[in-house]
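Q: Sharing a structure, written as structure tokens. Questions coming.
The values are calculated or read from the model by the stated rules, or taken from the named source; none is laboratory data. Just so we're clear, the structure is a prediction, and the values are computed from it rather than from any experiment. Every residue, glycine among them, receives a Cβ derived from its backbone with ideal geometry; neighbour counts consider all protein chains shown. The protein model used for the area step is the full one, side chains on, heavy atoms only, and it has no ligands, DNA or RNA in it. Shrake-Rupley method; radii C 1.70, N 1.55, O 1.52, S 1.80 Å.
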Amino acid sequence: MKAILVDPFAQEIVEVDYSGDWRDIKKFLQCDLFTTVYMPDTTDSIFVDDEGLYVENQRYFKFASYPQPLAGMGLVLGCNDEGDSVSCESTLEQVKAMVEWCDEGTSVEPMMTFIAFDEDDTKTFLHKLCGD
């Protein structure tokens with residue numbers, strides 16, 4: 001299936017063939033763990049190294065309206081109603097228009113935020129998330 005690989009080291013964005021085996025995502029990204037970033041106005045997602053912020057000599061890219069640079073390689077794939085990866089609907093040109101390379105030497109500090117909810121906050125959040 002069609003996927004698009006974002007390589008901030010070579011500063012290239014190319015179409016690649018994805019087998020459908022989730023283990024191949026790790027090979028494309030050259031990592032052990034990955035996570036997804038949802039793309040605006042599409043069913044596509046970009047897979048990135050979940051531990052990319054901890055890699056030395058890392059390269060970064062900015063992606064669409066995502067608030068912080070993404071670390072390492074990125075792989076764009078689509079998603080069907082069952083949650084399975086499918087060919088991406090974005091074109092190579094669309095992805096190229098959403099990527100901006102970060103300067104060599106860019107770094108992003110890892111951070112984690114915890115937000116405590118009381119019972120009323122939790123009910124309000126779940127109501128907004130799930131509806132009635």
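Q: Just a yes or no: is a residue in region 102-118 under 16 Å from residue 13 (Cβ atoms) and either modelled with pLDDT under 90 or open to solvent by less than 70 Å² (accessible area, probe 1.4 Å) (or both)?
A: yes
Q: Among (1) modelled with pLDDT under 90; (2) more than 27 Å from residue 1 (Cβ to Cβ); (3) among the polar types (S, T, N, Q); (4) in a loop (DSSP other than H, G, I, E, B), which single condition is residue 43 missing?
A: Only one criterion is unmet by residue 43, namely (2).
Q: Out of region 32-47, which residues are in contact with a helix residue (DSSP H, G or I) (Cβ under 7 Å, 6 or more places away or on another chain) and either within 20 Å of residue 80 (Cβ to Cβ) or crowded, with 20+ Cβ neighbours inside 10 Å (or both)?
A: Selection gives 34, 47.
Q: Return the total of residues in region 49-86 being closer than 21 Å to residue 18 by Cα, open to solvent by 30 Å² or more (accessible area, probe 1.4 Å) and either of a type in the set (Lys, Arg) or not in a strand (DSSP E or B) (or both).
A: Residues flagged as closer than 21 Å to residue 18 by Cα, open to solvent by 30 Å² or more (accessible area, probe 1.4 Å) and either of a type in the set (Lys, Arg) or not in a strand (DSSP E or B) (or both) within region 49-86 amount to 6.
Q: Now for a separate question. State all residues of region 1-24 that are of a type in the set (Val, Ile, Thr) and surrounded by fewer than 19 Cβ atoms within 10 Å (Cβ to Cβ); if no residue qualifies, say none.
A: Matches in region 1-24: 14, 16.
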